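The values are calculated or read from the model by the stated rules, or taken from the named source; none is laboratory data. What you are looking at is a predicted structure, and each value in this text was computed from that prediction instead of being measured. Neighbour counts are summed over all protein chains in view; Cβ atoms, including those assigned to glycine, are modelled from backbone coordinates with ideal geometry.
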Amino acid sequence: MSYVDEVMESVRRKYAAEPEFLQAVSEVLESLRAVVEANEEKYRKYGILERIVEPERIITFRVPWTDDNGKVQVNRGYRIEFNSAIGPYKGGLRFHPTVNQGILKFLGFEQTFKNSLTGLPIGGGKGGSDFDPKGKSDREVMAFCQSFMTELYRHIGPDTDVPAGDMGVGGREIGYLYGQYKRITGRYEGVLTGKGLTYGGSLARTEATGFGLVYIVEEMLKHVGEKLEGKRVVVSGSGNVAIYAVKKAQELGAKVVTMSDSNGYIVDENGIDLDVIKDIKEVKRGRIKEYADRVPGSVYHEGSKGVWGVKCDIALPCATQNEIDLESARKLVENGCRTVAEGANMPSTLEAAACFLENKLNYMPAKAANAGGVAVSALEMSQNSERLSWSFEQVDGMLKDIMINIYAMTSEAAKKYGHEGDFVVGANIAGFEKVAEAMIAQGVC
Ligand code: NDP
């Protein structure tokens, strides 16, 4: 049996109850076949695949907090320190009712390769809780964040593990988490990224994932002799990633016609009015449905999956994992979509991704396409270490260079191993090789 199949079988046996983790491992290992076969003896000897699929450490803890009625609530908190071969653990915290160990393992595993692709010295981690900030008062969110950090603080540090935001963790939550860390430890240091600009945050971090996604799309189009200008774009989600992807796509002349949330989606044939979206989502923390009441000519549809049936040239899934299944992928292809770039983590099922590749779409997987967020987080760490703040233009320029470089590494790795144009293979191999070499160099650990 091949080395890849052996390890895959063992992971399936051990982690049958973690479907998202199995999906992520299966996607990565499948696409590493060529590089593993070319170096099989070395990788087997050092147990690279067995080690790379196993988190270095999983921390789980109880998070008790008191709601506005004076009742004690309990959630589960996690931090998965997946791989520190190339730097301190780095990856977001997700607060969402669906959070469990398997989902955070898939995210931490992916993060390891993504962080490697940025070219910056950061390892992979992920964490969060099954706490749902939706519908909670500010005081409840603060109480939860303070309790969460009261346990987490002992496991993180500016040179060991530096969490950031993810779904359900934006500027408000990072602020409460940082305040509690400082209160407990008495240290003012870069232990979290995505901080506010008044207390050590980096300019362009809020925009980074969405902007980075569009920069890599620009690069993909450039290589097939096209431009974003005039393209019709479908975006899902209406959170941090989606909002700034829409902003940059519009700046570059594309027409974005949809956005969504977990209840449904809106279509605006005149192009999304981002000021209205920001007011609904960032200021009022409301639902996307309200957009149709406020913007004449736009239409709201119940059910978020329908967004993939809207005709487009480019699709940017920016909501959540497995939001595009095979049926939705086929619909996109039938309707003439030629480019898909993933803002969300693993938004396409394995079958959907295969459908994009079979139909020769220009398809950029998440670990390359959304790496801009973590890249600017690493730049925030650098600024915190130097106690300096760089300008927006400086950070944005570095982000753009990083995304162009990720495109180059991804397409070169795909070509080198005989899969030209297959960015899934390219991103996985380019991310993997550096981590594997660092693991071998550091001995058995
Ligand atoms: P947010 O919490 O800011 O926004 C998430 C958005 O997705 C919300 O609009 C939410 O709607 C929507 N959503 C959630 N579940 C579904 C669903 N089942 N169907 C349709 N829409 C849904 O999160 P982010 O924008 O930060 O993250 C989005 C994705 O991007 C995640 O996969 C995350 O891991 C990934 N990512 C984020 C990075 C970052 O820097 N923030 C970096 C790299 C990746 P609702 O309000 O209804 O929940």
Count, please, the residues in segment 327-353 that happen to be part of a helix (DSSP H, G or I) and either near the ligand (Cβ under 10 Å from one of its atoms) or free of Cβ contacts under 8 Å to residues at least 12 places away in the same chain (or both). 2
Can you tell me which residues in segment 159-194 are farther than 14 Å from residue 377 by Cα, within 16 Å of the ligand (Cβ to nearest atom) and hydrophobic (A, V, I, L, M, F, W, C)? 167, 169, 177
Taking only segment 280-307 into account, find how many residues are within 11 Å of the ligand (Cβ to nearest atom) and not in a helix (DSSP H, G or I). 5
Verdict on residue 277 being not aromatic (Phe, Trp, Tyr) and not in a helix (DSSP H, G or I): no
For residue 250, all conditions in the list (1) within 10 Å of the ligand (Cβ to nearest atom); (2) assigned to a helix (DSSP H, G or I) hold save one; what is the number of the exception? (1)
Being surrounded by 24 or more Cβ atoms within 10 Å (Cβ to Cβ), more than 23 Å from residue 382 (Cα to Cα) and within 16 Å of the ligand (Cβ to nearest atom) narrows 245, 208, 204 down to just 245
Inside segment 129-148, can you point out the residues that are under 22 Å from the mean Cα position of the chain (by Cα) and either of a type in the set (Asp, Glu) or closer than 23 Å to residue 187 by Cβ (or both)? 130, 132, 145, 148
Given the conditions (1) within 28 Å of residue 259 (Cα to Cα); (2) in a helix (DSSP H, G or I); (3) within 19 Å of the chain's Cα centre (by Cα), every one holds for residue 363 apart from (2)
Within segment 127-182, of all residues that are in a strand (DSSP E or B) and of a type in the set (A, V, I, L, M), the one nearest to residue 83 (Cα to Cα) is 162
Could you check segment 25-38 and list, in sequence order, the residues that are free of Cβ contacts under 8 Å to residues at least 40 places away in the same chain and surrounded by 14 or more Cβ atoms within 10 Å (Cβ to Cβ)? 29, 30, 33, 36
Any residue in segment 372-381 that is of a type in the set (Val, Ile, Thr) and either within 16 Å of the ligand (Cβ to nearest atom) or part of a loop (DSSP other than H, G, I, E, B) (or both)? yes
Examine segment 142-158 for a residue that is within 13 Å of the ligand (Cβ to nearest atom) and touching a helix residue (DSSP H, G or I) at 6+ places or on another chain (Cβ under 8 Å), and state whether such a residue exists. no
Exactly one of these conditions fails for residue 67: (1) more than 18 Å from residue 174 (Cα to Cα); (2) surrounded by 15 or more Cβ atoms within 10 Å (Cβ to Cβ). Give me its number. (2)
Please verify whether segment 126-141 includes one or more residues that are buried (at least 18 other Cβ atoms within 10 Å of the Cβ), within 12 Å of residue 180 (Cβ to Cβ) and touching a residue at least 40 places away in the same chain (Cβ under 8 Å). no
Does residue 361 satisfy the condition of being within 24 Å of residue 420 (Cβ to Cβ), at pLDDT 95 or above, more than 14 Å from the ligand (Cβ to nearest atom) and out of contact with any helix residue (DSSP H, G or I) (no Cβ under 6 Å at 6 or more places or on another chain)? yes
Just checking, does segment 71-81 include any residue being more than 30 Å from residue 137 (Cα to Cα), more than 16 Å from the ligand (Cβ to nearest atom) and surrounded by 22 or more Cβ atoms within 10 Å (Cβ to Cβ)? yes
With the structure loaded, tell me whether residue 163 is at pLDDT 95 or above and crowded, with 24+ Cβ neighbours inside 10 Å or whether it fails that test. yes
Please go through segment 253-275 and pick out each residue that is within 14 Å of the ligand (Cβ to nearest atom) and in contact (Cβ under 8 Å) with a residue 40 or more places away in the chain. 258, 260, 261, 262, 263, 264, 265
Determine whether residue 198 is more than 22 Å from the chain's Cα centre (by Cα) and assigned to a helix (DSSP H, G or I). yes
Those residues of segment 384-425 which are free of Cβ contacts under 8 Å to residues at least 12 places away in the same chain, part of a helix (DSSP H, G or I) and either hydrophobic (A, V, I, L, M, F, W, C) or surrounded by 22 or more Cβ atoms within 10 Å (Cβ to Cβ) (or both), in sequence order: 408
Looking only at segment 1-24, which residues are in contact (Cβ under 8 Å) with a residue 60 or more places away in the chain and either over 21 Å from residue 124 (Cα atoms) or hydroxyl-bearing (Ser, Thr, Tyr) (or both)? 15, 17
Residue check: is residue 110 among the acidic types (Asp, Glu) and over 30 Å from residue 414 (Cα atoms)? no
Across segment 159-192, the tally of residues that are in contact (Cβ under 8 Å) with a residue 40 or more places away in the chain and within 21 Å of residue 104 (Cα to Cα) stands at 13
Out of segment 334-354, which residues are over 26 Å from residue 111 (Cβ atoms) and surrounded by 17 or more Cβ atoms within 10 Å (Cβ to Cβ)? 337, 338
